[in-house]
1. So, ALA87, is that one part of a helix (DSSP H, G or I), at pLDDT below 90 and loosely packed, with under 15 Cβ neighbours inside 10 Å or not?
2. Quick check, is THR79 surrounded by fewer than 17 Cβ atoms within 10 Å (Cβ to Cβ) and at pLDDT below 75?
3. So which residues in segment 24-40 are buried (at least 16 other Cβ atoms within 10 Å of the Cβ), among the β-branched types (Val, Ile, Thr) and modelled with pLDDT of 95 or more?
Amino acid sequence: MNKFAIALILVCISTPALADEVFTAERCQDIKTGIIEMLATADESWEIIRKSPERSQEPYEQVYFWSAQAANYSEVYDTFCEDVEEAETAQ
């Protein structure tokens with residue numbers, strides 16, 4: 001997925017959440033999809049590193065950036081979406 005699409009996903013799911021706002025199943029699914037895409041982008045950078053004889057710093061920075069973003073959004077998902085998943089499976 002290109003960087004523009006990932007940035008668009010991030011903008012859509014990173015709007016400030018109010019304390020009383022409920023994360024819907026749809027929002028949680030969007031967050032999960034964004035995490036998967038961020039990890040896929042980091043993996044693409046690892047492939048560039050593996051295949052490239054030159055050791056440019058940029059792919060390493062990309063791996064770090066997208067991995068860190070995925071980790072941050074995973075924390076959000078774990079914090080706010082665990083109850084949503086439990087409620088969905090209970091229905």
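1. Yes.
2. no
3. Matches in segment 24-40: ILE35 only.
The values are calculated or read from the model by the stated rules, or taken from the named source; none is laboratory data. Quantities reported herein were computed from a predicted structural model and do not represent experimental measurements. Note: ideal-geometry Cβ built from the backbone for every residue, glycine included; neighbour counts use all protein chains shown.
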